[in-house]
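Everything below concerns the one structure shown next.
The values are calculated or read from the model by the stated rules, or taken from the named source; none is laboratory data. Small disclaimer: the values here were computed from a predicted structure and weren't measured. With ideal geometry, Cβ positions are generated from the backbone for all residues, glycine too; neighbour counts draw on all protein chains shown. When the accessible area is computed, the model is the full protein with side chains, heavy atoms only, and any ligands, DNA or RNA have been set aside. Shrake-Rupley method; radii C 1.70, N 1.55, O 1.52, S 1.80 Å.
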Amino acid sequence: MRLYHSKTSPYVRKVMVLAHEAGIHGRIEPVAASASPVGETATVAGDNPLGKLPCLLLDDGGALYDSRVICEYLDSLHDGHKLFPVAGPARWAALRRQALGDGICDAALLRRYETFQRPPERRWDDWMLGQKGKVDRALDALEAEVASFPKSPDIGLIAVAIALAYLDLRFAEDPWRDGRPLLAEWQADFATRPSMRETAPPQ
Ligand code: 99T
């Protein structure tokens with residue numbers, strides 16, 4: 001399998017962390033790619049019409065996207081500890097936390113595009129504040145529930161850990177740990193997992 005890959009994409013990293021936790025990362029060949037909401041994304045768009053990373057190219061010629069679908073597919077390829085709990089409350093909690101972690105990344109990425117890509121004269125402060133509000137509320141919700149996180153990794157915990165790492169990568173000036181000591185402690189511990197260490201973006 002080949003994966004359109006970027007070292008700074010949190011969605012790509014979520015896929016790679018899951019692959020490491022599942023013990024199948026050696027079956028994935030990363031293909032360096034870039035994607036942007038504007039401009040040339042022809043390579044990726046040839047396989048994912050949305051022109052977004054990640055996109056998994058299967059050996060039978062098919063393609064899978066987005067990161068949620070790729071993660072669930074990869075989890076179906078092994079017989080070890082399932083990162084997508086198969087049924088019951090644990091499954092819905094994991095999927096909800098994946099939505100929360102991905103949602104933090106979505107809002108953070110929109111903020112980044114607003115500054116990094118949008119011309120200064122077209123920027124909109126209320127938009128930036130709105131996206132930051134989503135991130136802050138999600139972080140507060142995680143602080144409130146972190147004591148009840150499962151002890152074994154699952155897709156929800158992976159998505160949350162990746163989102164926090166992405167805030168550190170792109171918004172280091174926003175101290176998300178302030179006032180959220182339990183989440184900070186959990187993140188520091190999760191970050192020591194080999195899957196997290198081996199997928200860390202370049203500093
Ligand atoms: O929006 C675009 O056209 C291009 N953006 C992307 O491809 C980003 C790269 S993260 N990926 C997504 O937005 C995927 C979201 C999707 N729901 C999923 O796969 O889960 C780049 C971040 C960075 O480098 O800072």
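Among the residues of the range 1-29, the ones that are under 25 Å from residue 171 (Cβ atoms) and in contact with a His (Cβ under 8 Å, 6 or more places away or on another chain) come to 2 in all.
Identification of helices (runs of 4 or more DSSP H) wholly contained in the range 2-90 with 3 or more residues that are crowded, with 17+ Cβ neighbours inside 10 Å yields 10-22, 67-75.
Selection of the range 33-81 for residues being touching a Lys or Arg at 6+ places or on another chain (Cβ under 7 Å) and among the basic types (Lys, Arg) yields an empty set. Do you know which of the residues in the range 113-135 that are touching a residue at least 12 places away in the same chain (Cβ under 8 Å), open to solvent by 50 Å² or more (accessible area, probe 1.4 Å) and not β-branched (Val, Ile, Thr) is nearest to the ligand (Cβ to nearest atom)? Per the criteria, the residue is 113.
Note on the range 189-203: among residues that are more than 16 Å from residue 21 (Cβ to Cβ) and within 17 Å of the chain's Cα centre (by Cα), the one that is surrounded by the fewest Cβ atoms within 10 Å (Cβ to Cβ) is 202. For the range 90-98, the count of residues that are of a type in the set (S, T, N, Q), at pLDDT 95 or above and farther than 29 Å from residue 35 by Cα is zero. Among the residues of the range 12-45, the ones that are touching a residue at least 40 places away in the same chain (Cβ under 8 Å), within 9 Å of the ligand (Cβ to nearest atom) and over 12 Å from residue 199 (Cβ atoms) come to 4 in all. Scanning the range 93-128 for residues that are hydrophobic (A, V, I, L, M, F, W, C) and under 14 Å from residue 171 (Cβ atoms) returns 104, 105, 107, 108, 109, 110, 116, 128. Of the residues 172, 165, the single one that is more than 26 Å from residue 90 (Cβ to Cβ) and within 13 Å of the ligand (Cβ to nearest atom) is 172. In this structure, does residue 97 turn out to be within 11 Å of the ligand (Cβ to nearest atom), surrounded by 18 or more Cβ atoms within 10 Å (Cβ to Cβ), part of a helix (DSSP H, G or I) and not hydroxyl-bearing (Ser, Thr, Tyr)? When the stated conditions are applied, residue 97 does not pass them. For the criterion of being touching a residue at least 24 places away in the same chain (Cβ under 8 Å) and of a type outside the set (A, V, I, L, M), residue 76 fails.
Here the range 140-159 is the region considered, the condition is being surrounded by fewer than 21 Cβ atoms within 10 Å (Cβ to Cβ) and in contact with a Phe, Trp or Tyr (Cβ under 7 Å, 6 or more places away or on another chain), and the residue that is farthest from residue 181 (Cα to Cα) is 149.
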